[in-house]
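J.: This is the structure I have questions about; it appears just below.
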Amino acid sequence: MVNLKSVFTVRTGLFILALAWFSFTFYELTNGVMHNAHPDFTNPEWTWVVVSDLGGAIGLAFRTVGSFIALIASIFYLVKRDLTSPEALLMVRLVVIMEASYWLSLIPSIIPQAWTQFGPMTIENNIPCTVEAILLPIVLVILFFQLSPKRASTQGIKWGLIAGTAYIFVFWLNNACNWIAAVMIKGVDYLTLYPANLFSFLLTTVGLLAVTAFSAYFTAGVIRKADYQGLNLKTVGLIITMFGLYFDIIYVMYLFLGAVGGWGDWYAWFFGHNMDLWLLALPMAGIPFLFYQKTPEP
């Protein structure tokens, strides 16, 4: 028998996360469409800008649809009008395929000349965009096909864990590359003279990598034992919470300290062009799982 109190907190946390995901994505989509409706043709790179922005807008449209579906599903569960298993699987599969489409849309953001002129743009843009635009769609498409009624409770969970680990890895790579590129432009003094920047750099390059490694270790253990029904949801909640707290800590530091050492590429990409700041709400979904309990049937 599932602890009813923990179920309510889990449902509430998932609703808050879905609401944050949809609200932020919808805002970024509408803001991006309005802002880029009249491209600057005086920019010598206007062709790439238009193509990448168009791809990004299409991707955000897919993600907006997916996040809206997730929001509707979370509302059903919040008001305890639970979906049937086929209905729930259908919604999850739709969310997964929409999210795969979003990541695939990042391919136009890759700058061809950056591969031949290796520099900060190669590191902060091309490397992470290439990896995430290939890795995540592949993993998510596999997950989509594994979320069938016959395989969802085994292979669906397996690939769900793999997809979650891939997500954390991609965000580590993306943010670590952004920090490295910022240091290449600003110089090492950008870290050594400003402890806040050094802490942020280490939290990104080492801390987030540690969360990735822990998630991979946990996922490998579950797959090796093939004990999907006995999945430790507290560990899942811990990973989700730690991942979300990374974004919370970085954001709170910025609110209190501002752009330490001056505005640079790190601050520009994380706070000005980050399409995933909705992950600030991730601990709201992760923390309830830390207290999730199952009690034996009487």
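Derivation of every value follows stated rules applied to the coordinates shown; laboratory data play no part. Quick caveat: nothing in here was measured; it's all calculated off a predicted structure. No Cβ is skipped: glycine too gets one built from the backbone with ideal geometry, and neighbour counts run over all protein chains shown.
J.: Inspect all residues belonging to segment 161-172 and state whether any of them is surrounded by fewer than 18 Cβ atoms within 10 Å (Cβ to Cβ) and in contact with a helix residue (DSSP H, G or I) (Cβ under 7 Å, 6 or more places away or on another chain).
T.: First pass over segment 161-172, keeping only residues surrounded by fewer than 18 Cβ atoms within 10 Å (Cβ to Cβ): none.
Within segment 161-172, not a single residue is surrounded by fewer than 18 Cβ atoms within 10 Å (Cβ to Cβ) and in contact with a helix residue (DSSP H, G or I) (Cβ under 7 Å, 6 or more places away or on another chain).
J.: Next up: Restricting attention to segment 164-193, which residues are under 18 Å from Gly244 (Cβ atoms) and small (Gly, Ala, Ser)?
T.: Hits for segment 164-193 are Gly164, Ala166, Ala176.
J.: If you don't mind, there's one more thing I want to ask. What residue, of Trp103, Trp115, is outside any loop (DSSP other than H, G, I, E, B), among the aromatic types (Phe, Trp, Tyr) and surrounded by fewer than 19 Cβ atoms within 10 Å (Cβ to Cβ)?
T.: Testing whether each residue is outside any loop (DSSP other than H, G, I, E, B), among the aromatic types (Phe, Trp, Tyr) and surrounded by fewer than 19 Cβ atoms within 10 Å (Cβ to Cβ) leaves just Trp115.
J.: On the given criteria, is Trp278 assigned to a helix (DSSP H, G or I), in contact (Cβ under 8 Å) with a residue 12 or more places away in the chain, aromatic (Phe, Trp, Tyr) and under 19 Å from Pro195 (Cα atoms)?
T.: no
J.: Give the residues of segment 197-254 that are over 30 Å from Phe271 (Cβ atoms), buried (at least 18 other Cβ atoms within 10 Å of the Cβ) and touching a Ser or Thr at 6+ places or on another chain (Cβ under 7 Å), sorted by residue number.
T.: Scanning segment 197-254 gives Phe218, Thr219.
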